[in-house]
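The values are calculated or read from the model by the stated rules, or taken from the named source; none is laboratory data. Because the structure is a prediction, the values reported are computed rather than measured. Neighbour counts are summed over all protein chains in view; Cβ atoms, including those assigned to glycine, are modelled from backbone coordinates with ideal geometry. Surface accessibility is based on the protein's heavy atoms, side chains included, excluding ligands, DNA and RNA. Shrake-Rupley method; radii C 1.70, N 1.55, O 1.52, S 1.80 Å.
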Amino acid sequence: MLTPSTQFKTHKTVGFTLIELLVTLVILSLIATSAAPVMQLSAKRSKEQELKRALWQIRDAIDAYKQAVDDGLILQSIDRSGYPKNLEILAEGVVNLKDPKKRKIYFLRQIPRDPFAKQDGLPASETWHLRSYSSSFDQLQEGDDVYDVHSFSNEIGLDKRPYNEW
């Protein structure tokens, strides 16, 4: 039997009000917008580290090739600088003149790709700006050999220097 006290009890609905949902959405959007620049900075820093690693690998391989020429391990004509003709030679390898079995010396497993280069399906060797031994320090020009490599990118790094000057 219903008593007057139990007869007027209302059934309470469970859930969130529209105001609570709106406040939650505003807070989440503020957190997301504040995290976006941090994520962009992190992605740029990661690409910069990849660029530094790739430049170091290629430059180290070029120096190792030059050292092998100087040590007489690689056949080189007198009129050449001793640097590789192109980047592909570093990965394809060259015959070791002092090895009786004439095995090849490899300087890179593969040519790293410039992380700031446009991904147009170019081979990795074509993503780099090459500098010849005969070019001046001020004007980087390609030539008969590869003395150094640089990025084609004109973007500015976190250290305020363009990537093509690294």
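A few notes on this one:
- Within the stretch 33-49: backbone nitrogen closer than 13 Å to the ASP159 label point (7 Å, Cα to C-beta): 48-49
- Using only the C-alpha atoms, the convex hull of the chain corresponds to 227 Å³ per residue.
- Here the accessible area is traced with a 1.4 Å probe on the protein chains. For the stretch 93-132, carbon and sulfur cover 51 percent of it.
- When the stretch 26-102 is described by a simple charge dipole with +1 on each Lys and Arg Cβ and -1 on each Asp and Glu Cβ, the residue from VAL38, ASN96, PRO84 located farthest towards its positive end is VAL38.
- Here's the list of aspartates and glutamates a cross-link from LYS52 could span, going by alpha-carbon distance under 17 Å and ignoring same-chain residues fewer than 8 apart: ASP60, ASP63, ASP114, ASP148, GLU155, ASP159, GLU165.
- Against the compact-protein benchmark of 2.2 N^0.38 Å, the Cα-based radius of gyration of the stretch 58-100 scales to 1.07.
- Rg and Dmax of the stretch 84-142, both derived from C-alpha coordinates alone, stand at 14.6, 44 Å.
- Cα centre as origin, Lys/Arg/Asp/Glu Cβ charges: the chain dipole, Debye: 900 debye
- Cα-Cα over 24 Å, subset of LYS66/LYS102; LYS66/LYS98; LYS44/LYS85; LYS47/LYS160; LYS66/LYS104: LYS44/LYS85
- Neighbour net charge for LEU51 - beta-carbon separation under 15 angstrom, K R +1, D E -1: +1
- Simple spin-label estimate for GLU20 and PHE152 gives 5.7 nm between the two label positions (7 Å along the Cα-to-Cβ direction from each Cα).
- Solvent exposure of the chain, expressed per residue, is 73 Å² of accessible area, with all protein chains present and a 1.4 angstrom probe.
- If you bin all the Cα-Cα distances of the stretch 9-103 at 5 Å, starting from zero, the percentages per bin are 2, 10, 12, 11, 8, 6, 6, 5, 5, 5, 4, 5, 4, 4, 3, 3, 2, 1, 1, 1, 0.
- Over the chain: helical MRE at 222 nm, DSSP H runs n ≥ 4 each giving -39500 (n - 2.57), nearest 500: -13000 deg cm²/dmol
- To the nearest ten degrees, helix 18-70 and the longest principal axis of the Cα atoms of the chain are 10 degrees apart.
- Note on the chain: with a GNM built from Cα contacts shorter than 10 Å, the maximum mean-square fluctuation among ASP114, ASP71, ASP144 falls on ASP71.
- Ratio Rg/Rh [Cα only; Rh per Kirkwood] for the stretch 111-166: 0.98
- Relative contact order [Cα under 8 Å, 6+ residues apart], the chain, whole percent: 16 percent
- Sparse-neighbourhood loop sites, trypsin sites (Lys or Arg not before Pro) in the stretch 50-106 - DSSP loop, at most 13 other Cβ within 10 angstrom: ARG80, LYS85, LYS98, LYS101, LYS102, ARG103
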